[in-house]
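Let me begin by presenting the structure, written as structure tokens, before commenting on it.
The values are calculated or read from the model by the stated rules, or taken from the named source; none is laboratory data. Everything quoted here is computed from the prediction, not taken from an experiment. Counting neighbours? That spans all protein chains shown, and the Cβs are built from the backbone with ideal geometry, glycine included. Heads up: the accessible areas ignore ligands, DNA and RNA and are worked out on the full protein's heavy atoms, side chains in. Shrake-Rupley method; radii C 1.70, N 1.55, O 1.52, S 1.80 Å.
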Amino acid sequence: MRLIRTLPVAGLSAATAAGLLLSAPTAGAATAPVRPASHTAVEQNVPAGHSKRVVGTEGKVPLTQTTSTSYRFLLPGNPPGRWNPCATLTYKVNLNGVSSAELTRVKSAAAVIASALGGVHLNYGGTTTKIPQDVDDAGGSKTPIVLAFATPGSGKGKSRMLPGGGVAGMGGFYAQSVPNSMAIMRGYAGTAVFDKNHVRTMTTAQRSSLYLHELGHVFGLDHVNYKGSIMYPVDLGVTKLSTGDRTGFRKLGKEAGCLNYAAAVTPSLALSGSSLKVSWPAASATSGVPTYKVTLGLGGGSDLTLRSTTATSATVSLTRLLDSAYSVDPSAPLTVTARVTTSNTVSTKTGRTTSFTLPAAVQTTPATSSFDFTTGELVMTAPRWTVAGLRLPVSWTVEGSVTCEQPNGGRSVSSGYLGMIWGDETTESEYLPTDCESVELAADMAVDAADSTTPVVHLAQTFTRPATTG
């Protein structure tokens with residue numbers, strides 16, 4: 001028997017379950033548990049564009065699955081739904097009155113499955129009083145996987161997972177899509193329930209087969225119609241994995257790669273010549289080769305994002321940094337923050353932010369001004385600042401007045417905004433009549449930054465036409 005349903009949780013999710021018949025059905029009966037065949041469908045309650053309809057069926061196993069290499073998945077797909085084989089998976093068992101010998105057999109079956117999955121660390125976490133009522137009902141046991149002995153029905157010592165009749169056990173798992181891919185389904189909870197009334201009447205081989213079969217469902221395998229497989233839907237006392245069983249488990253285990261979330265890393269920053277170097281530790285236990293994206297904060301809401309890389313360090317020239325930190329106040333040290341975002345096939349994670357303050361800026365030249373009486377050009381030059389020997393691009397606003405005294409006694413005055421000296425420039429020019437006998441400049445030059453604390457630079461100079469000889 002196979003049941004699949006979806007649950008209204010964030011992202012795409014699905015729960016799967018299947019059972020094992022205690023004995024072969026009577027002549028003419030379907031190879032399915034004693035329960036009417038049905039089809040159910042539940043639309044997933046997820047954001048638009050990410051919904052999916054999963055149909056669960058109870059009915060005959062496809063007759064094409066008849067060879068020793070046959071295997072099927074409870075959540076088929078590319079890739080199929082599976083647990084993270086690189087994480088420790090803990091299970092607990094509720095014996096519910098059966099002999100402790102069954103615990104030994106269950107643990108032995110778990111060891112076989114763990115080995116078939118490629119050496120997955122399947123850890124026995126002790127006993128529990130939990131009896132699951134659904135495949136994702138491991139809550140309260142403080143473990144992702146619960147295996148329990150019970151009887152069919154509701155109430156103490158019973159489980160609604162067991163349909164009764166000839167079904168000796170039911171098992172399955174709950175999976176949810178990972179953040180970076182709706183196609184990758186990762187297991188989060190799994191349960192198997194064994195009908196203890198049947199267990200008491202079964203042979204030792206049948207019990208071992210039952211535990212292997214239901215754990216096969218817990219870890220993602222579905223029924224096949226090959227009688228030598230532990231996933232055959234009738235308990236024939238098979239206690240060894242078939243070739244198909246092993247192939248299916250390999251495709252669900254470590255051979256298929258990890259399903260770990262991306263790990264957060266914290267960068268460090270240091271000067272390296274005329275560049276800033278950002279380094280970080282390699283993300284551990286990740287799925288596939290992780291990529292890293294470095295974002296540098298330059299203050300004032302300005303960010304610089306470097307190209308994604310698979311390396312564990314990146315450099316950016318100070319010239320690029322200083323050019324990106326436009327209109328920076330030279331009197332305040334430039335503090336750069338760095339954060340690294342790690343991405344893999346499963347998820348994306350941003351680590352903690354690290355700060356680094358560049359060496360203090362140094363003023364290397366003062367503000368100056370000049371006037372050319374031949375061309376009428378007034379040139380205003382901003383102060384020059386450097387950081388680690390590189391020019392710091394600073395934008396300056398110039399406001400004030402320029403007075404031109406003419407030979408006839410006339411006077412022209414320009415006042416207010418006189419111009420802007422951008423960070424990648426050094427001067428601003430204003431043109432006056434060429435017949436000025438003298439030019440008086442009285443202006444203030446201020447850093448074009450709202451939070452600037454740099455003192456205003458005063459430009460106060462009078463230019464007089466040079467005397468001529470003849």
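Applying 1/(1 + (r/R0)^6) with r as the Cβ-Cβ distance of A256 and T353 and R0 = 45 angstrom yields a FRET efficiency of 0.80.
Peptides 440-447, 120-127 ranked from most to least packed give 440-447, 120-127, packing being the mean of other C-beta atoms within 10 angstrom over each peptide's residues. Taking 7 Å steps out from each Cα toward its Cβ at T129 and D424 produces label points 7.3 nm apart. Distance from the Cα centroid of region 244-283 to that of region 352-399 is 44 Å (rounded to whole angstrom). Between the amide H of S369 and those of T381, distances stay under 5 Å, these residues lying 5 or more places away or on another chain, with hydrogens modeled in the peptide plane.
Counting only protein heavy atoms and a 1.4 Å probe, region 410-457 has 54 square angstrom of accessible area per residue. A straight chain from S68 to H458 at 0.36 nm per residue would run longer than the Cα-Cα distance by 131.3 nm. Cβ-Cβ distance of D372 and S274, R₀ of 51 Å, FRET efficiency by 1/(1 + (r/R0)^6): the value works out to about 0.90. With a Förster radius of 22 Å applied to the C-beta separation of D323 and T291, the computed FRET efficiency comes to 0.25. Label-to-label distance for T315 and T364 is 2.1 nm, based on points extended 7 Å past Cα in the beta-carbon direction. In terms of its C-alpha gyration tensor, region 354-470 has a prolate overall shape, because the principal axis ratio a/c (a ≥ b ≥ c, square roots of the eigenvalues) is not below 1.5 and a/b outweighs b/c. Using a 1.4 Å probe on the protein chains only, how many percent of the accessible area of region 207-301 belongs to carbon and sulfur? Taking all protein chains in place, region 207-301 shows 49 percent carbon and sulfur surface.
Between T337 and R246, the contour length at 0.36 nm per residue exceeds the alpha carbon distance by 27.7 nm. Counting only Cβ charges, +1 for Lys and Arg and -1 for Asp and Glu, the dipole size of region 329-470 around its Cα centre is about 940 debye.
Residues in region 199-267 average 34 Å² of solvent-accessible surface per residue, probe 1.4 Å, ligands and nucleic acids excluded.
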